[in-house]
2 protein chains.
Amino acid sequence: MAEAAANGEARGGGVPRPTNPMVTPLLTDLYQFTMAYAYWKAGKHLDRAVFDLYFRKNPFGGEFTIFGGLEECIRFIANFKFTEEEIKFLRSVMPTCEDGFFEYLSSIDCSDVEVYAIPEGYVVFPKVPLMRIEGPVAVVQLLETPFLSLVNYASLVTTNAARHRLVAGKSKNLLEFGLRRAQGPDGGISASRYSYMGGFDATSNVAAGRLFGIPIRGTHSHAFVSSFMGLDEITDKALTSSDGSNKCEDFVSLVQNWLTKIQDGSSLHGTFGETSQSELAAFTSYALAFPNSFLALVDTYDVMRSGVPNFCAVALALNDMGYKAVGIRLDSGDLAYLSVETRKFFHSVEKDFGIVGFGKMNITASNDLNEETIDALNKQGHEVDAFGIGTYLVTCYAQAALGCVFKLVEINKQPRIKLSEDVTKVSIPCKKKCYRLYGKEGYPLVDIMTGEDEPGPKIGERLLCRHPFNESKRAHVVPQHVEELLKCYWPGKSCKRKC
Amino acid sequence: MAEAAANGEARGGGVPRPTNPMVTPLLTDLYQFTMAYAYWKAGKHLDRAVFDLYFRKNPFGGEFTIFGGLEECIRFIANFKFTEEEIKFLRSVMPTCEDGFFEYLSSIDCSDVEVYAIPEGYVVFPKVPLMRIEGPVAVVQLLETPFLSLVNYASLVTTNAARHRLVAGKSKNLLEFGLRRAQGPDGGISASRYSYMGGFDATSNVAAGRLFGIPIRGTHSHAFVSSFMGLDEITDKALTSSDGSNKCEDFVSLVQNWLTKIQDGSSLHGTFGETSQSELAAFTSYALAFPNSFLALVDTYDVMRSGVPNFCAVALALNDMGYKAVGIRLDSGDLAYLSVETRKFFHSVEKDFGIVGFGKMNITASNDLNEETIDALNKQGHEVDAFGIGTYLVTCYAQAALGCVFKLVEINKQPRIKLSEDVTKVSIPCKKKCYRLYGKEGYPLVDIMTGEDEPGPKIGERLLCRHPFNESKRAHVVPQHVEELLKCYWPGKSCKRKC
């Protein structure tokens, strides 16, 4: 494929191109080009500038953020080069600019740029630069918008995923189901990638699974269930046993027999009546297609009166053939109540029919879940083993933007500040070094910033700094270990061998 | 460029590929493939199914939605075909599936699928299908996730843009500035495209401007201002007049003279003291680069004491040379107050120096604007001519997802319904026709749905229907004009000549 080849092709000394082919040097604000021209006209375009990329406030009312998007930024600058078509388009947009400027634009790449950054996936805090970008002012300005576009959402959704992991607990399976509700196709792919980085176990998104090696999960939807009319639609009814030793010629009858046994010959007698035949046909068909991984969506008609009994009949029939069903998914209703009732049903089946382990069948819940609803489920008590989370995770519904900024802090070795009518928007000047200080038990205590030429913190030496979560307080710390946070990810020409 | 060629290449009978090359048949949920396999195993994959794509509730607490994303859906199906690499990957994900299934997948395209839809850009309402997709059940299921991914955000952001246009009024310029805060690069590009469709005038996003022919706007940032130290940095001080008739060898001195005149020789004497020389140098440099389109960001230091006076000095110097400055941008502080004070300043300059039209200089406002803040500005009274809107527009902060769904309504001519523990999630069965009824004055009154074979509404004939905004009420309407809403956008093989 010409396209695949173009996408995969590495131009920047072995660094592949950005995952999304739409990430090109034109994916930026026009003012980056008008400024570049003004710098060039003033002969200032090569002035050495330092910019900090940082955010001002943790998202979701929380006290941490996880940094995501660095790899894509590096891919972007490694391959940063205007094509002839792009230059032609820029000429049409800025018709009054001199030819020399477009010749300059054609010539630039990022070999003069240095990027220092906190490693991707690290916990990060407001005001401390996630990235420090240094280079010719005109070039570094051109990076502002793409870098922000690549870091803002990535960090936001990684943080959102981590928060969902914290509230769900380590033992639960977290599945990202958001592609259909994400903000565009790339939003969906980024959401899957960064949710995995933030602690999710799998995604429903096949393209993201392929691109990033994320485990992919999925079974069937309500439409699959309602597309069946009844069991007579199933023409190929045979199922070979798990070990290949025998073949059941009529798996449909086996399922029907089990349903009758549950209905009439078990402690569950009377808890439900006639189940949906459309649903039973769908479950049976799905089991015939995937006998090793049968997981059924049980709320198309009625969870306790149809979905769960139908599931159990199919699961018991599979059990006869040596297969172990996986479990069920609930996608509506009172998930706490339904999961508890379903678990009881499973335990009754285990006991009545002596099927060891049946009570432990997996229960997955979905349906507009988020941090608050999972927390509420935890408080109510539930029997859910896995959560499928979509809309609220991928759109970061609780706070849809992080608000990273990219600010000039030094030019030609002179510190620069941006003042503002809003105090929170005043930038912290100077090229900085950043350190994470760790205490005796190995836990991080605080992140601090110093001017580039100031001495760094020393192990065992008491240091007075602002309290990390309360700006009006100060605190003494004695670091037992000091980590320099900003590491070199893209060395400039001048220091190609340094990193 | 191999990449550009691949992206632009039309495969689907002249219909170009999706704008984002990441939109491939793998951009879907795994369960679409597991279901396709189960359908195939059951011999049901060719069953003729009808799905409706619709939403359940208008976003932003409002009473309308604008439909966006249709063109991309048609591009997607026109080019729908699995590559060998994609099939290979699917085999690895579904290792227990039979070879015949992958041969079937390799063979499919969307020539058997029919798509009827409401035209893109129309005002649309809950429950009425935006799209009706008919075809082999296994194929149409594969379209669910990409269609939702292409329609959900597109419609949401178009609606958001239209709401901003309504609150801002027709006379204001609306500029979309959201790329850096969008949910990923594609979110940014889609936001620009659909904001324009929703009524915005321009975007800052160069790539979107190029792709969709949207006017592009932008001047400079705070960093540009703070990158300058002072006027002595400007080496090339000459400016030729607009008509080419004369040349000012020292435009910098001309600016300084004007600043002195405003400071000392005008009614503005005493309203401000020494202005920022860094800012004055930046403005002067920018004017030298773009004398025809000088627009200055005036809040890097202090709007009324530095930014506005500096801007006026440069604008007056440009005026001497026959150029008309465009105006200023405010990006922080009390925008209502600052815009009013700035306007007064401009009027004083007009009066003091007899520069006709100076008082009407453009004032653009940005800084986290949204529907509510624009409404509040309107109530306070302001002098803003143009709004630059970013984060709240492109992330749809007030409601980050629309929640379109894709539901099976008919299979093999049998109506299908999805029941649910949540009443709002129950689907409306049957293949439908949809009509928009117009009243005497030509305004639309209501949208109605009928079964496919039911007679449609007739002009002049009284009709009882549900009230469009209150489900518990009913209303009589007498249509003067009837529009069939679902139009054919992708004819199936069987009706290739029909549309």
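Out of all the residues in the stretch A:384-416, which are surrounded by fewer than 17 Cβ atoms within 10 Å (Cβ to Cβ) and touching a strand residue (DSSP E or B) at 6+ places or on another chain (Cβ under 8 Å)?
Within the stretch A:384-416, A:N412, A:K413, A:P415 qualify.
I'd like the full set of residues that are within 29 Å of A:T391 (Cβ to Cβ) and in a loop (DSSP other than H, G, I, E, B), limited to the stretch A:310-356.
Those that are within 29 Å of A:T391 (Cβ to Cβ) and in a loop (DSSP other than H, G, I, E, B): A:A325, A:V326, A:D331, A:S332, A:G333, A:D334.
Sort through A:V326, A:V349 and tell me the only one that's under 28 Å from A:K261 (Cα atoms), open to solvent by less than 20 Å² (accessible area, probe 1.4 Å), hydrophobic (A, V, I, L, M, F, W, C) and modelled with pLDDT of 95 or more.
On the way: A:V326 fails: open to solvent by less than 20 Å² (accessible area, probe 1.4 Å).
Residue meeting the stated conditions: A:V349.
For the stretch A:292-316, how many residues are open to solvent by 10 Å² or more (accessible area, probe 1.4 Å) and out of contact with any Gly (no Cβ under 9 Å at 6 or more places or on another chain)?
The total comes to 4.
Report, by residue number, each residue of the stretch B:357-376 that is assigned to a helix (DSSP H, G or I) and either crowded, with 19+ Cβ neighbours inside 10 Å or within 18 Å of the chain's Cα centre (by Cα) (or both).
Answer for the stretch B:357-376, where residues must be assigned to a helix (DSSP H, G or I) and either crowded, with 19+ Cβ neighbours inside 10 Å or within 18 Å of the chain's Cα centre (by Cα) (or both): B:F358, B:E371, B:I374.
Results for (1) free of Cβ contacts under 8 Å to residues at least 40 places away in the same chain; (2) more than 9 Å from chain B (Cβ to nearest Cβ); (3) farther than 13 Å from A:D320 by Cα, shown as yes or no for each residue.
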residue	(1), (2), (3)
A:S221	no, no, yes
A:S226	no, no, yes
A:E233	no, no, yes
A:D236	no, no, yes
A:C248	no, yes, no
A:K261	no, yes, yes
A:D264	yes, yes, yes
A:H269	yes, yes, yes
A:F272	yes, yes, yes
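Could you grab the pairs with beta carbons closer than 8 Å, sequence gap of 6+ or different chains, first residue in the stretch A:95-109 and within 12 Å of another protein chain (Cβ to nearest Cβ) and over 13 Å from A:A36 (Cα atoms), second one of a type in the set (A, V, I, L, M, F, W, C) and outside any helix (DSSP H, G or I)?
A:T96/B:F290
From A:P129, A:P95, A:P119, A:P136, which residue is touching a strand residue (DSSP E or B) at 6+ places or on another chain (Cβ under 8 Å), surrounded by fewer than 16 Cβ atoms within 10 Å (Cβ to Cβ) and not acidic (D, E)? First the steps, then the outcome.
On the way: A:P129 fails: surrounded by fewer than 16 Cβ atoms within 10 Å (Cβ to Cβ); A:P95 fails: touching a strand residue (DSSP E or B) at 6+ places or on another chain (Cβ under 8 Å); A:P136 fails: surrounded by fewer than 16 Cβ atoms within 10 Å (Cβ to Cβ).
Matching residue, one of A:P129, A:P95, A:P119, A:P136: A:P119.
Count, please, the residues in the stretch B:377-409 that happen to be more than 10 Å from chain A (Cβ to nearest Cβ) and either in contact (Cβ under 8 Å) with a residue 12 or more places away in the chain or in a loop (DSSP other than H, G, I, E, B) (or both).
So the count comes out to 13.
Would it be correct to say that A:L419 is over 15 Å from A:V167 (Cα atoms), in contact with a Phe, Trp or Tyr (Cβ under 6 Å, 6 or more places away or on another chain), open to solvent by 40 Å² or more (accessible area, probe 1.4 Å) and hydrophobic (A, V, I, L, M, F, W, C)?
When the stated conditions are applied, A:L419 passes them.
Based on what the data block shows, is B:D29 of a type in the set (D, E), facing chain A (nearest Cβ under 8 Å) and surrounded by 19 or more Cβ atoms within 10 Å (Cβ to Cβ)?
For B:D29, the condition - of a type in the set (D, E), facing chain A (nearest Cβ under 8 Å) and surrounded by 19 or more Cβ atoms within 10 Å (Cβ to Cβ) - is met.
Just to verify a result, which residue in the stretch B:210-219, among those that are outside any strand (DSSP E or B) and within 7 Å of another protein chain (Cβ to nearest Cβ), is farthest from A:V405 (Cα to Cα)?
B:R210
Please find, within the stretch A:38-91, the residue that is farthest from the other protein chains (Cβ to nearest Cβ) out of those that are of a type in the set (S, T, Y) and touching a residue at least 60 places away in the same chain (Cβ under 8 Å).
In the first step, residues of the stretch A:38-91 are kept if they are of a type in the set (S, T, Y); the result is A:39, A:54, A:65, A:83.
So of that shortlist, the ones also touching a residue at least 60 places away in the same chain (Cβ under 8 Å) come out as A:39, A:54, A:65.
Details: A:Y39: 8, A:Y54: 13, A:T65: 15 Å.
Ranking the qualifying residues of the stretch A:38-91, first place goes to A:T65.
The values are calculated or read from the model by the stated rules, or taken from the named source; none is laboratory data. These numbers were taken from a predicted model, which means no experiment stands behind them. Ideal geometry is used to build each Cβ from the backbone, glycine not excepted, and the neighbour counts take in all protein chains shown. The protein model used for the area step is the full one, side chains on, heavy atoms only, and it has no ligands, DNA or RNA in it. Shrake-Rupley method; radii C 1.70, N 1.55, O 1.52, S 1.80 Å.
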